[in-house]
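Report on the following structure.
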Amino acid sequence: RQAEATRSARVGLRHDLAPGSQLLALGTWQTTDNDTTVGPTFSLDAEVDGYAGEVQHLWSGGRWRLVSGARYAERRLREATVLLLPPPFPSSTATTRSDSESASGYAYATVEALPGLAVTAGLAVDHLDDAIGDTTRLNPKLGLAWQPAAGTTVRAAWFRTLQSPFASRQDVQPRLEPTPVAGFNQLFFGSAGEEASRLGLGIDQRLGERWWVGVEASGREIEIPYFGFLPPDFTASVLTADARERSARGYAYWTPTERLAASVAVEYDLRRNDQAFAPEGVITSELGRVPLRLHWFHPNGLGLGATATFVDQRVQLSPAGPFDPVTRATSDFWVFDASLAWRLPRRWGQVRLEGRNLTDRNAPFQDVDPENPRIAPERLVLLRVTASVR
């Protein structure tokens with residue numbers, strides 16, 4: 001059982017220095033209580049305090065734009081572990097504390113090198129100091145968006161990243177640094193200190209006034225630091241495991257009327273972990289998804305949506321014991337989701353009711369990130385209310 005309670009506060013500032021020149025500032029504070037229990041014998045209470053501040057300058061003029069900024073973040077972690085064993089075995093209680101801090105400076109320049117060709121070149125200097133060590137890394141960014149013909153866009157990107165620590169995965173704090181490079185996301189959840197590089201290529205095509213199609217493929221290489229025990233004395237050491245991700249996606253969007261939108265996509269994701277360090281016990285996960293979506297909109301702000309997704313998965317799981325074989329499993333099934341939304345007048349906000357896995361399909365499925373599941377393991381109903389006070 002895991003329970004999380006989070007409190008956060010944010011403050012932002014925008015100041016226009018001159019035409020085409022803007023200054024942004026963001027400050028965030030967050031405190032999180034995480035309680036984990038495993039049966040009646042083990043409990044872990046973690047308290048996390050996180051602070052972050054960031055400033056950014058935006059400049060645009062003529063055929064090029066520049067985004068530059070600096071960010072500093074700090075996290076303080078306190079963990080209390082309780083192990084209760086029946087007599088005559090002794091019970092134990094342990095408390096640990098650890099602090100981490102990260103700092104980064106970055107600059108992204110986007111230049112219209114030729115008509116229809118935009119090139120993004122960037123560089124980030126990322127520093128991390130926490131329990132795994134002291135790391136400073138230069139992370140280059142390169143992106144390209146080319147329009148060889150009307151309605152056609154070719155995108156390509158390559159970049160490197162260093163994962164900074166965070167206080168909560170359920171209440172993610174915002175940051176000002178650009179998230180995508182040429183349409184490819186560069187920020188993912190992971191362990192603090194993960195070093196990753198991603199290479200991607202995509203083509204988007206508009207067909208007339210009501211059709212959009214496209215394909216996209218990317219690969220991501222990850223180095224994951226973790227604590228392990230090395231013989232002969234089995235002292236705790238920082239080790240590194242490799243992981244590899246491959247993804248491909250094709251989509252088609254259709255808007256037959258002004259009130260109706262439909263889409264179909266084919267998605268493939270492959271994750272390979274080092275068998276010595278396999279999060280959630282997953283050595284290999286191959287996941288195929290085919291979501292079919294239909295949305296209807298009304299001028300009064302009412303919207304209805306329905307999604308049917310076919311899922312096909314093949315996994316290899318770590319052995320349960322030292323003499324057990326690797327477990328291989330396959331599954332395929334359908335999942336049905338729906339939503340009802342109402343956009344409040346005068347941009348006051350939105351009320352949204354979502355239903356996921358409406359048929360309560362309890363199919364065998366191994367998520368690589370159970371804290372943020374891609375598929376609801378059982379029927380889930382969510383009510384979201386967003387209000388804008390002006």
Checklist line | Leu13 more than 28 Å from the chain's Cα centre (by Cα) and closer than 25 Å to Ser104 by Cβ | finding: no
Next item on the list: Report yes if some residue within the range 276-284 is of a type in the set (S, T, N, Q) and either closer than 28 Å to Ser168 by Cβ or exposed (fewer than 15 other Cβ atoms within 10 Å of the Cβ) (or both); otherwise report no.
Entry: no
Next item on the list: Identify the single condition in (1) in contact (Cβ under 8 Å) with a residue 24 or more places away in the chain; (2) open to solvent by less than 80 Å² (accessible area, probe 1.4 Å); (3) more than 21 Å from Val290 (Cα to Cα) that Val368 does not satisfy, given that it satisfies every other one.
Entry: (3)
Next item on the list: Could you please give the count of residues in the range 136-157 that are of a type outside the set (S, T, N, Q) and more than 10 Å from Gly183 (Cα to Cα)?
Entry: 11
Checklist line | Total residues in the range 20-64, condition over 22 Å from Ala124 (Cβ atoms), β-branched (Val, Ile, Thr) and over 22 Å from the mean Cα position of the chain (by Cα) | finding: 4
Notebook entry, point to check: If you go through the range 223-234 one residue at a time, do you hit one that is at pLDDT 95 or above and within 20 Å of the chain's Cα centre (by Cα)?
Noted result: no
Check: What are the residues in the range 65-78 that are touching a residue at least 40 places away in the same chain (Cβ under 8 Å), closer than 21 Å to Ala121 by Cα and small (Gly, Ala, Ser), if any?
Finding: Ser68, Gly69
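Report, by residue number, each residue of the range 10-44 that is farther than 19 Å from Leu66 by Cβ, aliphatic (A, V, I, L, M) and open to solvent by 50 Å² or more (accessible area, probe 1.4 Å).
Val11, Leu13, Val38
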Check: For the subset of the range 225-253 comprising residues that are open to solvent by 80 Å² or more (accessible area, probe 1.4 Å) and among the aromatic types (Phe, Trp, Tyr), which member is farthest from Gly193 (Cα to Cα)?
Finding: Tyr253
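Regarding Asp312, is this residue closer than 30 Å to Ser247 by Cα, surrounded by 14 or more Cβ atoms within 10 Å (Cβ to Cβ) and in contact with a Gly (Cβ under 7 Å, 6 or more places away or on another chain)?
Considered against the rule, which asks whether it is closer than 30 Å to Ser247 by Cα, surrounded by 14 or more Cβ atoms within 10 Å (Cβ to Cβ) and in contact with a Gly (Cβ under 7 Å, 6 or more places away or on another chain), Asp312 comes out as yes.
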Next item on the list: Read through the list (1) at pLDDT 95 or above; (2) surrounded by fewer than 17 Cβ atoms within 10 Å (Cβ to Cβ); (3) over 18 Å from Phe365 (Cβ atoms), then give the number of the only condition that Gly305 fails.
Entry: (2)
Check: Exactly one of (1) touching a Leu at 6+ places or on another chain (Cβ under 9 Å); (2) surrounded by fewer than 18 Cβ atoms within 10 Å (Cβ to Cβ) is unmet by Leu199. Its number?
Finding: (1)
Margin query: Being of a type in the set (Ser, Thr, Tyr), in contact with a strand residue (DSSP E or B) (Cβ under 6 Å, 6 or more places away or on another chain), in contact (Cβ under 8 Å) with a residue 24 or more places away in the chain and within 30 Å of Pro40 (Cα to Cα) is the requirement here; does Thr81 meet it?
Written below: yes
Check: Only one residue in Glu258, Glu216, Glu209, Glu177 is more than 17 Å from the chain's Cα centre (by Cα), acidic (Asp, Glu) and crowded, with 16+ Cβ neighbours inside 10 Å, so which one is that?
Finding: Glu216
Notebook entry, point to check: Going by the conditions given, is Ala3 free of Cβ contacts under 8 Å to residues at least 24 places away in the same chain, among the hydrophobic types (A, V, I, L, M, F, W, C) and surrounded by fewer than 12 Cβ atoms within 10 Å (Cβ to Cβ)?
Noted result: no
Next item on the list: Working carefully through the options Leu270, Leu230, find the one that is among the aliphatic types (A, V, I, L, M) and in contact (Cβ under 8 Å) with a residue 12 or more places away in the chain.
Entry: Leu270
Check: Of the residues that make up the range 164-175, is at least one modelled with pLDDT of 95 or more and among the aromatic types (Phe, Trp, Tyr)?
Finding: no
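The values are calculated or read from the model by the stated rules, or taken from the named source; none is laboratory data. Values in this document were obtained by computation on a predicted structure and should not be read as measured data. Cβ atoms come from the backbone with ideal geometry, glycine included; neighbour counts cover every protein chain shown. Each accessible area value is taken on the protein alone, full model and side chains, heavy atoms only, with ligands, DNA and RNA left out. Shrake-Rupley method; radii C 1.70, N 1.55, O 1.52, S 1.80 Å.
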